[in-house]
1. Is there a residue in the stretch 118-127 that is at positive phi and surrounded by fewer than 14 Cβ atoms within 10 Å (Cβ to Cβ)?
2. Which one is modelled with the lowest pLDDT, of the residues in the stretch 199-232 that are of a type in the set (A, V, I, L, M, F, W, C) and surrounded by 18 or more Cβ atoms within 10 Å (Cβ to Cβ)?
3. Identify, please: which residue in the stretch 1-15 is part of a helix (DSSP H, G or I) and surrounded by fewer than 11 Cβ atoms within 10 Å (Cβ to Cβ) and is, among those, modelled with the lowest pLDDT?
4. Tally time: how many residues in the stretch 158-211 are charged (D, E, K, R), in a helix (DSSP H, G or I) and within 18 Å of LEU145 (Cα to Cα)?
5. Go through (1) closer than 25 Å to ARG213 by Cα; (2) under 19 Å from the mean Cα position of the chain (by Cα); (3) modelled with pLDDT of 80 or more and name the single condition LEU20 misses.
6. Going through the stretch 100-128 one residue at a time, which ones are in a helix (DSSP H, G or I) and β-branched (Val, Ile, Thr)?
7. Which of the residues that make up the stretch 129-146 are outside any helix (DSSP H, G or I) and surrounded by 10 or more Cβ atoms within 10 Å (Cβ to Cβ)?
8. Could you go through the stretch 154-170 and let me know if any residue there is under 24 Å from THR64 (Cα atoms) and of a type in the set (Gly, Ala, Ser).
Amino acid sequence: MNHNPIPSAPPRRVRRTVLLGLAMLGLAGAVLIVRRPLMMAAPMCLSGHWRGCLGTFNGVVLVTLVTLPLAALVAWVPARRRRAAGVTSAWPMSLAEVGMVHGTVPFLWMTMMPGAGAGVVPARVSLVPLRDLLTMSPLGIVGNLLIFAALGFFAPMRFAALASVPRILALGAACSVLVETAQYVLRLDRVSSVDDVLVNATGAVLAALASRRWWRTTAKRPTDHPRPAPAPVC
């Protein structure tokens with residue numbers, strides 16, 4: 001009779017491998033869906049016409065995907081230093097820092113792109129909730145959900161003070177209000193809408209809930225720095 005205990009859960013390394021594989025499959029699927037628009041933007045980006053490349057949604061998405069290896073390298077450098085210093089959560093901290101920036105800046109760039117009548121047409125404001133939401137296209141709703149999704153996903157993993165749904169909601173709403181205000185002040189030929197704020201904040205909260213199993217653990221730690229050894233008692 002075999003008395004060896006049966007493992008109830010796969011090893012942590014296996015789980016990480018599975019999650020990494022699923023993430024790569026998801027990324028590959030997303031690239032497959034948008035491959036045609038990306039191929040249209042590739043010649044302009046590769047030829048060095050950065051104004052035309054970074055002035056289109058397709059160009060910004062292409063640059064974001066191409067720079068993913070560079071982002072991984074940027075995360076690896078501080079993670080290695082933190083591990084050498086004895087920090088236990090070196091990789092999660094570094095990945096969260098880079099993920100917040102790499103996953104948010106491109107969407108902010110696209111949001112701040114001026115329209116055809118920028119600087120000419122008067123600034124417009126829509127303060128009636130749900131009025132603009134009813135007229136948004138599915139692609140527009142998804143885009144608004146993703147603007148601060150990376151911030152909502154990674155911020156509570158990096159900062160324990162943000163590890164709660166109300167705080168992420170407030171953070172997403174505050175960042176969205178700043179963006180809508182900038183659109184109005186700069187007269188970018190965009191409508192500064194309260195519905196954009198609602199959808200942006202919702203996207204941040206949904207992303208935060210997706211990473212909750214990681215940031216709830218982080219929130220319980222008082223510090224991620226190694227503690228000094230206690231002094232010997234004489």
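1. Quick first cut of the stretch 118-127, residues at positive phi only: 119.
Next, only the ones that are surrounded by fewer than 14 Cβ atoms within 10 Å (Cβ to Cβ) stay: 119.
Yes, there is a match, as at least one residue in the stretch 118-127 is at positive phi and surrounded by fewer than 14 Cβ atoms within 10 Å (Cβ to Cβ).
2. At the first step, the residues of the stretch 199-232 found to be of a type in the set (A, V, I, L, M, F, W, C) are 199, 201, 204-210, 214-215, 219, 229, 231.
Filter again for surrounded by 18 or more Cβ atoms within 10 Å (Cβ to Cβ), leaving 199, 201, 204-205, 207-208, 215.
Numbers: VAL199: 96, ALA201: 97, ALA204: 97, VAL205: 96, ALA207: 95, ALA208: 95, TRP215: 80.
Among those that are of a type in the set (A, V, I, L, M, F, W, C) and surrounded by 18 or more Cβ atoms within 10 Å (Cβ to Cβ), it is TRP215.
3. Quick first cut of the stretch 1-15, residues part of a helix (DSSP H, G or I) only: 12-15.
Narrowing further to those that are surrounded by fewer than 11 Cβ atoms within 10 Å (Cβ to Cβ): 12-14.
Numbers: ARG12: 69, ARG13: 72, VAL14: 75.
That would be ARG12.
4. Here is the first cut: in the stretch 158-211, the residues charged (D, E, K, R) are 158, 167, 180, 187, 189-190, 195-196.
When the remaining residues are screened for being in a helix (DSSP H, G or I), the result is 158, 167, 180, 195-196.
Now restrict to residues that are within 18 Å of LEU145 (Cα to Cα): 167, 180, 195-196.
Adding up the residues that qualify gives 4.
5. (3)
6. Filtering the stretch 100-128 for residues in a helix (DSSP H, G or I) gives 100-111.
Answer for the stretch 100-128, where residues must be in a helix (DSSP H, G or I) and β-branched (Val, Ile, Thr): VAL101, THR104, VAL105, THR111.
7. So the first thing to find is which residues in the stretch 129-146 are outside any helix (DSSP H, G or I), and the list is 129-132, 136-137.
Matches in the stretch 129-146: PRO129, ARG131, ASP132, MET136.
8. yes
The values are calculated or read from the model by the stated rules, or taken from the named source; none is laboratory data. Please read all numbers here as calculations on a predicted model, not as lab measurements. Virtual Cβ from ideal backbone geometry, glycine too; neighbours counted across all protein chains shown.
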